[in-house]
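**Q** Take a look at this one; I'll ask things after.
Just so you know, all these numbers are worked out from the coordinates, no wet-lab data involved. These figures come from a predicted structure and were not determined experimentally. Ideal geometry is used to build each Cβ from the backbone, glycine not excepted, and the neighbour counts take in all protein chains shown.
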Amino acid sequence: MTEQTTATGAVPELTLNNGVTIPQLGFGVFQIPPEETRVAVAQALAAGYRHIDTAAAYRNESGVGAAIAESGMTREDIFITTKLRNGDQGSPREAFEASRTALGVDWIDLYLIHWPVPSQGLFTQAWKELESLYAQGRIRAIGVSNFLPEHLDELLATSTVVPAVNQIEAHPTFAQAGLAEKSRRHGIAVEAYSPLGQGRDLENEVVAELAAAYGATPAQVVLAWHLGLGNIVIPKTVSPERMRENLAASTIKLSNADLARISALETGTRIGADPAVAAFTQL
């Protein structure tokens, strides 16, 4: 593991299964309106973030691209993740090109199948196209999102390239520890979205107690828990102050006992859709 130095401290970088490095703490733009994304990403880059996570379904890729273009940073300095919409699984090459164009970049660092949508029966076919784009150097790493164990098994049975990442809903009360362990066993890094439980997990007494003990905010403690488990994590906020606070979580090292206390908050309650049955097109 290496570290990337920022104004708020050192952000660790994980090495993916193909040797590509990714900043472990990034900035997510889910639910940020397109017209606000440009400003939010510019502020995130100014705060020290070098990993931006978007998706075609968020309809704000162009805002991400505009902020990056105006930042004055070289393309190599910023890690960009975007995702294939569910309704585009039948035409992933065209969808990739649309995302690349919207972002205004020559390549994408990490491209994910956003949801398996098992009812469509297309994700293994889409993966073959991603493998082709990867082989051509158009994408530095390919991965999946919201893939449950059975979806990983189906994909791995026919794939040539093992996914670099599985981006899943993960937070203290819904850590999906079994899925995370299976992913890692296959060399697939775990990336957490909704890492704070959309704010709900910050109200837990254990989190509050640890925040006081470490002289940190509840959000910083939860993000430090993710980092301690080895998760890649992409919190979202439009507040510059919160951006800096979240980034500073990389300086907090929780003890193994405190990591375990937070992991014990598991309730099995999912916030988002169930990937086993989710079938929305995102179009």
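**Q** Using a 7 Å offset from Cα along Cα-Cβ at SER263, what residues in the range 180-223 end up with backbone N under 11 Å from the label point?
**A** Flagged as within label range: 181.
**Q** Give, in nm to one decimal, the length gained when the segment between GLN31 and ALA98 is fully stretched (0.36 nm per residue of separation minus the Cα-Cα distance).
**A** Length gained, GLN31 through ALA98: 22.1 nm.
**Q** Okay, next question. Could you work out [θ]222 nm for the chain from helices alone, using -39500 (n - 2.57) per DSSP H run of at least four and dividing by all its residues? Round to the nearest 500 deg cm²/dmol.
**A** Counting only the DSSP helices, I get -11000 deg cm²/dmol.
**Q** Can you tell which of GLY215, PRO235, ASN204 lies farthest toward the positive end of the dipole of the chain, using +1 and -1 charges on the Cβ of basic and acidic side chains (Lys, Arg; Asp, Glu)?
**A** Farthest towards the positive end: PRO235.
**Q** Can you tell me the FRET efficiency between THR281 and LYS253 if r is taken as the Cβ-Cβ distance and R0 is 30 Å, rounded to the nearest 0.05?
**A** Approximately 0.10, to the nearest 0.05.
**Q** With a/c under 1.5 counting as rounded, go ahead and sort the range 65-196 into rounded, prolate or oblate using the C-alpha gyration tensor (a ≥ b ≥ c being the square roots of the eigenvalues; past the cut-off, prolate if a/b is larger than b/c, else oblate).
**A** Oblate, since a/c reaches 1.5 and b/c is not below a/b.
**Q** Next up: Calculate how many DSSP beta bridges within the range 13-199 are antiparallel, expressed in % of all such bridges and rounded to the nearest 5.
**A** For the range 13-199, the DSSP antiparallel bridge percentage is about 15.
**Q** If I stretch the segment between ASP106 and ALA69 completely, what's the gain in nm (0.36 nm per residue apart, minus their alpha carbon distance), one decimal?
**A** Extending this stretch completely gives an extra 12.1 nm.
**Q** Normalized C-alpha radius of gyration of the range 22-67, against 2.2 N^0.38 Å?
**A** 1.02
**Q** Regarding the range 1-134, what's the average projected area of the Cα-atom convex hull, expressed in nm²?
**A** 8.2 nm²
**Q** Of SER263, PRO33, ILE22, which is farthest on the positive side of the dipole of the chain, counting Cα position, with +1 on Lys and Arg Cβ, -1 on Asp and Glu Cβ, and the Cα centre as origin?
**A** So the residue we want is ILE22.
**Q** Please report the relative contact order for the range 13-199, taking Cα pairs under 8 Å with a sequence separation of at least 6, and give it as a percent rounded to a whole number.
**A** 16 percent
**Q** Per Stokes-Einstein, at 4 °C and 1.567 mPa s, what whole-number D in µm² s⁻¹ belongs to the chain, with the Kirkwood radius over Cα pairs as the hydrodynamic radius?
**A** The diffusion coefficient I find is 69 µm²/s.
**Q** Given points 7 Å out from each Cα along the Cα-Cβ axis, report the SER132 to GLU150 separation in nanometres with one decimal.
**A** Between SER132 and GLU150, the label points sit 2.9 nm apart.
**Q** Taking other Cβ within 10 Å of each residue's Cβ, how do THR173, THR281, THR269, THR237 sort, fewest first?
**A** Going from sparsest to densest Cβ surroundings: THR269, THR281, THR173, THR237.
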